[in-house]
1. Write out the GluC sites (Glu not before Pro) in segment 1-57 meeting two conditions: DSSP loop, and at most 15 other Cβ atoms within 10 Å of their Cβ.
2. Ordered by residue, what ³J(HN,Hα) values in Hz, to whole numbers, does segment 142-151 give under the Karplus form 6.51 cos²θ - 1.76 cosθ + 1.60, where θ = phi - 60° and Gly and Pro are x?
3. Cut-off is 10 Å between beta-carbons; in what order do 95, 86, 128, 12 appear when sorted fewest neighbours first?
4. Based only on other Cβ atoms within 10 Å, what is the fewest-to-most ordering of 78, 49?
5. So for the pair residue 127, residue 151, with labels modelled 7 Å out along Cα→Cβ, what separation do we get in nm?
6. Explain nothing, just compute: Karplus ³J(HN,Hα) = 6.51 cos²θ - 1.76 cosθ + 1.60, θ = phi - 60°, for every residue of segment 59-76 in order, whole Hz, x for Gly and Pro.
7. Restricting attention to segment 23-91, which trypsin sites (Lys or Arg not before Pro) occupy a DSSP loop and are surrounded by at most 15 other Cβ atoms within 10 Å?
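Read-outs: derived from the displayed coordinates by stated rules, not from any lab. Keep in mind that what you see is a predicted model, and the values were worked out from it rather than measured. Here the Cβ is made from the backbone with ideal geometry for all residues, glycine too, and neighbour counts use every protein chain on show.
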Amino acid sequence: MSKQLTVCGMTIKQDAEGRYCLNDFHKAAGGDSNQQPAFFMRRAETSELVAELEKSAKTQSFVTLMGRNGGTFVVKELVYAYAMWISPKFNLEVIRSYDRLATEDVAVHASAAEAVLDDPLTYMEKVIAQARVLKAERDRLALENKEMAPKAVVFDNCVALRQESLATFVRLFGE
């Protein structure tokens with residue numbers, strides 16, 4: 001199970017590969033419209049960094065997912081680059097938050113420290129509730145993957161055997 005990262009009081013989502021949601025970092029940084037993840041990802045410097053990361057990576061350095069739980073999910077190195085692009089202050093906050101998480105297995109933002117000490121039970125209840133939501137989502141996705149696996153095999157076999165395009169496959173099975 002991955003550890004939960006919190007930056008500036010904002011919980012940062014992760015995908016199944018452990019990549020972090022840049023959209024959550026954007027919100028944590030204040031949500032300035034000029035600092036949207038899409039603008040960062042289009043920069044030449046970012047493209048060069050992605051190319052370097054992809055040379056040695058076992059997984060994609062970023063993915064963009066659509067929908068309610070979507071966003072741009074990136075590896076840690078791109079998180080640091082994004083934070084540096086935002087501001088030195090935000091960069092330092094991200095580094096310190098990640099360091100707390102990496103060394104202590106939990107990252108409590110400085111602004112929440114007093115509340116946690118005053119009422120640790122409420123804090124733990126929130127953590128447990130969040131863990132239940134994450135587990136339910138993981139279980140739902142696992143079930144969805146299990147249900148879709150046979151369909152993917154059929155698609156792969158049909159395309160491979162008949163050398164059909166996706167459009168032809170959809171027309172054939174849509175009738």
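1. Here the sparse-neighbourhood loop sites are 17.
2. Karplus-based 3J(HN,Hα) across segment 142-151 equals 5, 5, 4, 4, 5, 5, 7, 4, x, 5 Hz.
3. 128, 95, 86, 12
4. 49, 78
5. In this crude spin-label approximation the distance works out to 3.8 nm.
6. 9, 4, 7, 7, 9, 10, 10, 8, x, 4, 9, x, x, 9, 9, 10, 6, 4
7. Hits after loop and neighbour filter: 43, 58, 68.
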